[in-house]
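S.K.: Pasting a structure below so you can have a look.
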Amino acid sequence: MNLIKLWEADLRKAYELQNSFARNEHGFLNNAYGLSFAGFQEYVRKNEGYSNGIGLPEGYVPATIYLLEANNEFIGIFNLRHYLNDFLFNGPGHLGYGISPEHRGHGYATRGLMLMIEIAKNIIPEDEIYLHVQKDNPASLKVQLKNGAYIHHEDEEGYYTRIPIS
């Protein structure tokens, strides 16, 4: 099992993976939702630039999209934001992730997050990885807790977790 940067992946397979997700599921935003393959290729190109801080929309920080691969199949998406701004600090944090519906419940998110933590250690400047999970997604909270997270605080809609990395 490994993580591959979106723009280094087989784009046909990556496109199929993106299309397995809804536009917004438990707070995981699929910004490629509904795109044609040509539109998806443009999305990939823009996100490669965003990873390097090029062409970032107002209020965005550099972020890298990784695909989780297992058994020569793409099964999940992980989005690593390289540092926090005020919005991310008080909201979604460094990482967003999702596992395709047909692969859920098999431990892929737990192992994918473990791999993502190792990458994040070399990118983010903070001593902890900030995450958020909606309360209607207990499976994702369990994934985070298995990877060393603790609940920092909560509100009506979700839990804000932290994973120490120093």
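S.K.: Any chance you could look up the accessible area of Leu35 with a 1.4 Å probe, heavy atoms only, rounded to 10 Å²?
M.R.: Estimated to the nearest 10 Å², Leu35 gives 50 Å².
S.K.: Along segment 59-64, what does the Karplus equation 6.51 cos²θ - 1.76 cosθ + 1.60 (θ = phi - 60°) give for ³J(HN,Hα), rounded to whole Hz, x for Gly and Pro?
M.R.: Each residue's phi maps through the Karplus curve to give x, 8, 10, x, 8, 10 Hz.
S.K.: Next up: Among all stretches of the chain without exposed chymotrypsin sites (Phe, Trp or Tyr not before Pro) (DSSP loop, at most 16 other Cβ atoms within 10 Å), which one is longest?
M.R.: By the stated rule (loop sites, at most 16 other Cβ atoms within 10 Å), 84-166.
S.K.: Considering only His153, His132, His94, give the residue with the highest GNM mean-square fluctuation for the chain, with springs between Cα atoms whenever their separation is below 10 Å.
M.R.: His153
S.K.: Can you tell me which lysines have their Cα less than 28 Å from the Cα of Lys46? Leave out same-chain residues fewer than eight positions away.
M.R.: Lys5, Lys13, Lys121
S.K.: Can you tell me the accessible area per residue over the chain, all protein chains present, probe 1.4 angstrom, in square angstrom? Walk me through the intermediate numbers first.
M.R.: On the way: 8730 Å² over 166 residues.
About 53 Å² of surface per residue is accessible.
S.K.: While we're on this one: With N set to the residue count of segment 1-113, report its C-alpha Rg divided by 2.2 N^0.38 Å to two decimal places. Walk me through the numbers before you get to the answer.
M.R.: On the way: Rg = 13.5 Å, N = 113, 2.2 N^0.38 = 13.3 Å.
Compared with the compact-globule rule of thumb, segment 1-113 sits at 1.02.
S.K.: Counting GluC sites (Glu not before Pro) as exposed when in a DSSP loop with at most 14 other beta carbons within 10 Å, what is the longest stretch of the chain free of them?
M.R.: 59-155
S.K.: So if each residue of separation counts as 0.36 nm, and I subtract the Cα-Cα distance between Tyr33 and Tyr60, what length gain in nm does that give?
M.R.: 7.8 nm
S.K.: Now for a separate question. Over segment 1-115, what percent of the accessible surface lies on carbon and sulfur atoms, probe 1.4 Å?
M.R.: Solvent-exposed carbon and sulfur of segment 1-115 make up 49 percent of the total.
The values are calculated or read from the model by the stated rules, or taken from the named source; none is laboratory data. What you are looking at is a predicted structure, and each value in this text was computed from that prediction instead of being measured. FYI the Cβ positions are ideal-geometry reconstructions off the backbone, even for glycines, and counts take in every protein chain you see. Quick note on the areas: whole protein, heavy atoms, side chains included, nothing else; ligands and nucleic acids left out. Shrake-Rupley method; radii C 1.70, N 1.55, O 1.52, S 1.80 Å.
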